[in-house]
Amino acid sequence: MGINAYIPGLAITGCVFCGILAALHIYIFILETILWRKRAAKTFRLPQSTVEIGAGLAANQGFYNLLLAVGLI
């Protein structure tokens, strides 16, 4: 008799929110690794040289978000 016996549907609700959060982290991974060079200059109004310098840092952060998503799944 776990907590699910007292609150029906809690496990399903938790899985739904976990899936939403994992999808959000995957979306952020795509933005920070694949689309960084195309969108960062326009989104943050930065010169392209600055975007190129920060590409490695953004990719590192993107892979961190991917690992969070994998952990949630």
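The values are calculated or read from the model by the stated rules, or taken from the named source; none is laboratory data. What you see is a predicted model; the values in this text were computed from it and never measured. As a convention, Cβ positions derive from the backbone with ideal geometry for all residues, glycine included, and neighbour counts pool all protein chains shown.
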If we keep only residues of the range 24-73 that are β-branched (Val, Ile, Thr) and under 24 Å from Gly14 (Cα atoms), then the residue modelled with the lowest pLDDT is Ile73
Tell me the helices (runs of 4 or more DSSP H) entirely within the chain that contain at least 3 residues that are touching a residue at least 24 places away in the same chain (Cβ under 8 Å) and either surrounded by fewer than 12 Cβ atoms within 10 Å (Cβ to Cβ) or in contact with a helix residue (DSSP H, G or I) (Cβ under 9 Å, 6 or more places away or on another chain) (or both).
10-33, 48-72
